[in-house]
Amino acid sequence: MKVYLNGKFVDESKALVSVFDHGLLYGDGVFEGIRSYGGRIFKLHEHIDRLFESAHTIMLEIPMTRARLAELVKQSLRVNRLRDAYIRLVVTRGVGDLGLDPRKCKRPTVFIIADKISLYPKKLYDEGLSLITVATQRNVPEALNPQIKSLNYLNNILGKIEAINAGYEEAIMLSASGYVTECTGENIFVVKRKQLLTPPPYVGVLRGITRGTVMELAAGHDLHVREEMLTRHDLYNADEIFLTGTAAEIVPVVRIDGRKIGSGRPGPATKRLQAAFHQMTKTGGVRY
Ligand code: PMP
């Protein structure tokens, strides 16, 4: 596999970064996870825009234009002859000294990994997930805004560890006041009668690109979409629940904290949205 690293495509064995890179020393950097389907990159420009926004907020100047970065993503897929792929785009503060002062880092590190997509097991989509809410609270936006898709994912990793320790694959994280935020790497949606509800960004969630796509699709499926503060009670009494993310797409949730959700099986609205989403991945996207 060839990896793009600071201006060149190199063999993966040569794609190495310094131990003085602040991406490694401090998690000082930003990233995106992107997917391609059958030779088309899904929501490429949305991902590039979000990367630039994350970088702008942390005052990290990406050393190229959006158009050039988009071209490099396409090239990464072409040189690796990939049609269905997962692409990881990373920009770190670069090499500095042992202090955290970003001014010491003269040049950002940019790399792009394009790899075969490792799909989640089919069983997950057929049977749905069982989740738990965990005690680790999602970062408060006032301290570290989850809109910054940064290399520091410890908050999410701590939530994930808690779920794993309890025998679950994924966790639902709550805000400091106990409202539902998101899972450790996916957004969450509730279907209740004809409404599709999801927590608003200000509660402390990443504005997921799949989340945005599903919100757009829902309108065409007789669902009224609203951002709303949700409690655990709202989750337990939902008709259907599903998660969204670039890698996972749309995953049904059938049990939370031991409570059965709806019928306990993936529901009809979830299935309709999954079908519409798959259709969109086949026809939308940027060719390369
Ligand atoms: N929330 C978090 C914390 C994430 O890291 C991600 C992306 N993996 C998502 C939600 C889903 O976002 P997207 O649909 O843009 O992949």
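Only the coordinates and a few stated rules stand behind these numbers; no lab work does. Keep in mind that this is a model prediction, so the values were computed, not measured. As a convention, Cβ positions derive from the backbone with ideal geometry for all residues, glycine included, and neighbour counts pool all protein chains shown.
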Worksheet item: For the cross-link pairs Lys14/Lys282; Lys74/Lys106; Lys116/Lys149; Lys122/Lys194; Lys74/Lys116; Lys149/Lys260, which exceed 25 Å when the distance is taken from alpha carbon to alpha carbon?
Response: Lys14/Lys282; Lys74/Lys106; Lys122/Lys194; Lys149/Lys260
Item to complete: Give me the distance between the Cα centres of the stretch 135-185 and the stretch 274-288, rounded to whole Å.
Response: 29
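If the chain between Glu216 and Asp97 were fully stretched, how many nm would it gain, using 0.36 nm times the residue separation less the Cα-Cα distance?
Taking 0.36 nm per residue and subtracting the Cα distance, the gain is 38.3 nm.
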Response to the item:
A correct Karplus calculation of ³J(HN,Hα) over the stretch 131-143, with 6.51 cos²θ - 1.76 cosθ + 1.60, θ = phi - 60°, whole Hz and x for Gly and Pro, returns 10, 10, 8, 10, 6, 5, 7, 5, 3, 6, x, 5, 9
Worksheet entry | Neighbour net charge for Arg81 - beta-carbon separation under 11 angstrom, K R +1, D E -1 | +4
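What relative contact order, as a whole-number percentage, does the stretch 157-287 give when Cα pairs under 8 Å and 6 or more residues apart are counted? Please list the in-between numbers first.
On the way: 213 pairs, mean separation 26.6, N = 131.
The normalised contact order for the stretch 157-287 reaches 20 percent.
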Worksheet entry | Inter-probe distance in nm under a simple model that places probes 7 Å from Cα toward Cβ, at Asp49 and Arg287 | 2.3
Practice prompt. Using 0.36 nm per residue of separation minus the Cα-Cα distance, give me the extension gain between Leu144 and Lys8 in nm, one decimal.
Written response: 45.7 nm
Worksheet item: So what's the back-of-envelope 222 nm ellipticity for the chain, counting only DSSP H runs of four-plus at -39500 (n - 2.57) apiece and dividing by all residues, rounded to 500?
Response: -8500 deg cm²/dmol
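Roughly speaking, what is the stretch gain from Arg83 to Lys271, that is 0.36 nm per residue apart minus the C-alpha to C-alpha distance, in nm to one decimal?
Gain on stretching Arg83 to Lys271: 65.2 nm.
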Response to the item:
With Cα coordinates, the longest principal axis of the chain makes an angle with the long axis of helix 44-57, in degrees rounded to 10, of 70
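Ranking Leu196, Leu24, Leu151 by Cβ neighbours within 10 Å, fewest first, what do you get? Present the calculation step by step, with values, prior to reporting the outcome.
On the way: Leu196 23, Leu24 16, Leu151 19.
With the fewest neighbours first, Leu196, Leu24, Leu151 line up as Leu24, Leu151, Leu196.
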Practice prompt. Place +1 on the Cβ of every Lys and Arg and -1 on the Cβ of every Asp and Glu in the stretch 2-115, take the dipole about the Cα centre, and give the residue among Ala55, Ile41, Leu5 whose Cα lies farthest towards its positive end.
Written response: Ile41
Worksheet item: Considering only the other residues whose Cβ falls under 14 Å of the Cβ of Val95, what net charge follows from Lys and Arg at +1 and Asp and Glu at -1?
Response: +1
Practice prompt. Would you work out the charge dipole size for the chain about its Cα centre, treating the Cβ of every Lys and Arg as +1 and the Cβ of every Asp and Glu as -1, and quote it to the nearest 20 debye?
Written response: 900
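What ranking do Asp49, Asp101 get, fewest neighbouring Cβ atoms within 10 angstrom at the top?
Asp101, Asp49
Under unit Cβ charges (Lys, Arg +1; Asp, Glu -1), what dipole magnitude, rounded to 20 debye, does the stretch 21-134 have relative to its Cα centre?
It comes to approximately 500 debye.
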Worksheet item: Counting Lys +1, Arg +1, Asp -1, Glu -1, what net charge surrounds Ala219 among other residues with beta carbon under 12 Å of its beta carbon?
Response: 0
